[in-house]
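These notes are about the structure you will find just below.
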Amino acid sequence: MTALEDWDDGPFRPEAVTVRVPAKINLSLSVGPLRVDGYHELVTVFHAVSLYDEVIARAARGLSLTVEPLRRDSDVGGVPEDERNLAWRAALLLAEHAGVEPDVRLTVRKDIPVAGGMAGGSADAAAALVACDHLWGTGLRRDELHDLAGRLGSDVPFALHGGTAIGTGRGEHISPVLAAAGMEWVIAVMDGGLSTPKVFEACDLLRSRDGVTPDAPQVHPDLMSTLRSGDAELIGAALYNDLQPAAVELMPEIGELLDLGTAAGAAGALVSGSGPTTVFLVDGPVSAAEVEEQLRTSGLCRAVRRARGPVPGAQVSNVR
Ligand code: C5P
């Protein structure tokens, strides 16, 4: 036996793995008719922004989960610490798929607004998949992880993927899009959230009230060409969300914030996903400061944040 083999006591098993995962916004969200399975057929352009949650997976006996704020001003109110948490279900699903025991202590450190339309719960599930895969040494292929992600929720595959990408089906089929780097965003975080199913339901109700029959969803061709140009004014004008009227109906302050940010010089203003978070595309630091100031002093939102996009999806940031 060589000296090297003397040292070899099997594969390295980490004690703790940290994964950082971004929030998403939807640069466009086109919602089609309600399907028989209760979901809406949609076409969306997902865009990952630099607002992050972290999931730490530690070696343990059995499965447990705690939630804590990542920053002092992050709100984690109402996030469950049991099997109702999508990160818990992600760990269980991976263990079942890989044929291992679900032995892990998960800590979910949140900064992505809760129930904010930025897919925070989905991000945590994607991060838990990547963290547990690393901790347990299960070494799943990218496409296997993607498949498990899609079973957990419509937005989970994109949280793995990151960048800028088109989502189709119920949002789970992802294909990357060529987009200029370095878009700057100002983000207004509301007090309280909106329930995604309620917003989709309100969208259907508004459509039937107005006698509108939705067409097959599609991405506006203008958005695809402007995304490559990187021109904030052009991209801002092409941003689009079919769920916006429903979110504004359920929470009218959203409409006021959109008007305020636009008047303050934002190149584009949009509800993120099913809301209530609103996002403002800005063209440089002067415009960002002006929009930020107007939103902050409005008294209509809980916090105002800055972020840039696109950024990569869930990634291991620390192993020990
Ligand atoms: O897939 P996920 O669990 O994130 O979806 C939450 C809810 O949002 C669904 O139960 C459904 O009511 C609504 N939804 C929808 N159409 C989609 C995605 C979500 O109606 N494409």
Q: Sum up the charges of everything whose Cβ sits under 12 Å from the Cβ of S74, counting Lys and Arg as +1 and Asp and Glu as -1, but leave S74 out.
A: 0
Q. Taking the Cα centre of segment 102-161 as origin and charging only Cβ (+1 Lys, Arg; -1 Asp, Glu), how large is the dipole, in debye to the nearest 20?
A. 120
**Q.** Per residue Cα convex hull volume in Å³ - calculated over segment 18-94
**A.** 153
Q.
Could you tell me how many cubic angstrom of Cα convex hull volume the chain has per residue?
A. 147
Q: About the Cα centre of the chain, how large is the charge dipole given +1 on each Lys and Arg Cβ and -1 on each Asp and Glu Cβ? Please answer in debye to the nearest 20.
A: 180
**Q.** segment 53-151 - share of DSSP beta bridges that are antiparallel (%, nearest 5)
**A.** 40
Q | Rg followed by Dmax, in Å, when segment 98-239 is reduced to its Cα trace | A | 18.1, 54
Q: Can you tell me the relative contact order of segment 226-320? Whole percent, Cα pairs under 8 Å, sequence separation 6 or more.
A: 23
(Q) At a threshold of 8 angstrom on Cα-Cα distance, excluding pairs fewer than six apart, so keeping six or more, what relative contact order does the chain reach in percent? (A) 26
Q.
Suppose each label sits 7 Å from its Cα in the direction of the beta carbon; what would the R13-D259 distance come out to in nanometres?
A. 6.1
Q: May I ask for the distance between the Cα centers of segment 71-128 and segment 176-208, given as a whole number of Å?
A: 20
Q) Rounded, prolate or oblate: which fits segment 1-154, taking a ≥ b ≥ c as square roots of the Cα gyration tensor eigenvalues, rounded meaning a/c under 1.5, else prolate when a/b beats b/c? A) prolate
Q | Cβ charges +1 (Lys, Arg) and -1 (Asp, Glu), total dipole of segment 206-260, debye | A | 240
Q: Could you work out the mean projected area of the convex hull around the alpha carbons of segment 82-182, in square nanometres to one decimal?
A: 7.1
Q.
In segment 21-107, if the dipole is taken from +1 on Lys/Arg beta carbons and -1 on Asp/Glu beta carbons about the Cα centre, which of T44, N85, T107 is farthest to the positive end?
A. T44
Q) For segment 227-297, what class follows from the C-alpha gyration tensor (a ≥ b ≥ c being the square roots of its eigenvalues): rounded when a/c is under 1.5, otherwise prolate if a/b is larger than b/c, else oblate? A) oblate
(Q) Ignoring everything except DSSP H segments at least 4 long, calculate the 222 nm mean residue ellipticity for the chain; use -39,500 (n - 2.57) per segment, divide by total residues, nearest 500. (A) -10500 deg cm²/dmol
Q | Share of carbon and sulfur in the accessible heavy-atom surface of the chain [1.4 Å probe, %] | A | 51
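The values are calculated or read from the model by the stated rules, or taken from the named source; none is laboratory data. Given the structure is predicted, the values throughout are model-derived calculations rather than measurements. Every residue, glycine among them, receives a Cβ derived from its backbone with ideal geometry; neighbour counts consider all protein chains shown. For accessibility, only protein heavy atoms count, side chains too; no ligands or nucleic acids. Shrake-Rupley method; radii C 1.70, N 1.55, O 1.52, S 1.80 Å.
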